[in-house]
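To start, the structure itself, in C-alpha cells.
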Amino acid sequence: MTAISRIALVIVLLGGTPLAALAASPADELVAEGRRAIDAGRFDDALAVLERAVAADASDPAALAWLGSAQVRKAGTASLMDRAGWVRKGFNTLDEAVERFPKAFVVYLVRGITATNVPDFFRKGEVAVQDLRAVLDMRDRDPATVPDAAMPVVYLSLGRAYKKAGKTAEARAVWERGRRAHPGAPETPAIDAELRRL
C-alpha cells in the first residue's frame, strides 16, 4: 500500500473532522473504491465512482477533493488536446472543495499533493506550498484536526513543493522536521533520499 493509499484511508475514515465528531458518511466506501481505482491507474472507473460519492454525500470533503484529483490524473491518459482541459477541470473541483470546506484538512492535503505533482507549466507550485503549509499550520494549532498518520506524507510533499519552487533551505527544514517527528514512517526513506539529493 502506497503512502498516499494509507493516508487516503485515514482521510476517508476521518473526513477531515476530529475523531469526536466522526460520523460515517454514505460516501466513505465509494471514496475508498475510487482511491483504489486511481492507484490502479483506472481513471475512468475512479471518476465514475467518485462522482457517485459526491452525489451520495455532497457534504463529504474527501469525496469532492479526490474527484478533483482523479480529474487531474485523468489528464495523463487523455489525448494531447484534452490534457490541459482535464487539469483545469480537476483544479476547479479542488478549488471548489477548498472553498466549500475550508476547515477540512483533506481538501488542502489532496490539492497540495496534486499541485506538487503536475508539470511546472501549470503554475501550481505556490498552491502546493500554501496548501501543504496550511495542513501543517492546522496541525500546529490543534493536533486533533489532522491525524498523526497524515503528517509524514505532508512533510514529504511539502519538502518537494519547496524544492520545486527553488526553496532548498525550506525543503531541508521541513524534511528534517518530518524525519525527527516520524522516524519510523514509511515516507522516511524517501525523505532521506530527498535530503541526500539537495
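The values are calculated or read from the model by the stated rules, or taken from the named source; none is laboratory data. The shown structure was predicted, so the numbers you read here are calculated from the model rather than taken from an experiment. Backbone-built Cβ (ideal geometry, glycine too); neighbour counts: all protein chains shown.
Of the listed requirements (1) part of a helix (DSSP H, G or I); (2) without any contact (Cβ under 8 Å) to a residue 40 or more places away in the chain; (3) closer than 14 Å to A65 by Cβ, G85 misses just one: (3). Before we move on, is L67 in contact with an Asp or Glu (Cβ under 7 Å, 6 or more places away or on another chain) and either closer than 17 Å to R35 by Cα or in a helix (DSSP H, G or I) (or both)? Yes: the conditions hold for L67.
When the helices (runs of 4 or more DSSP H) confined to the range 1-64 are screened for residues that are hydrophobic (A, V, I, L, M, F, W, C) and modelled with pLDDT under 50, those reaching at least 2 such residues are found at 3-14. Among the residues of the range 57-78, the ones that are surrounded by fewer than 24 Cβ atoms within 10 Å (Cβ to Cβ), in contact with a Gly (Cβ under 9 Å, 6 or more places away or on another chain) and of a type in the set (A, V, I, L, M, F, W, C) come to 2 in all. Checking each residue of the range 87-110 against the condition of being in contact with a Pro (Cβ under 8 Å, 6 or more places away or on another chain) and either within 21 Å of W175 (Cα to Cα) or at pLDDT below 95 (or both) gives at least one match. Among residues that are out of contact with any Asp or Glu (no Cβ under 7 Å at 6 or more places or on another chain), touching a residue at least 40 places away in the same chain (Cβ under 8 Å) and under 18 Å from V118 (Cα atoms), S79 is not included.
Taking first residues from the range 161-185 that are closer than 16 Å to D120 by Cβ and partners that are among the basic types (K, R) and buried (at least 16 other Cβ atoms within 10 Å of the Cβ), the Cβ contacts under 7 Å between residues at least 6 apart in sequence or on separate chains come to A171/K163. Taking the criterion of being surrounded by 17 or more Cβ atoms within 10 Å (Cβ to Cβ) and without any contact (Cβ under 8 Å) to a residue 60 or more places away in the chain, the residues of the range 147-160 that qualify are M151, V154, Y155, S157, L158, G159, R160.
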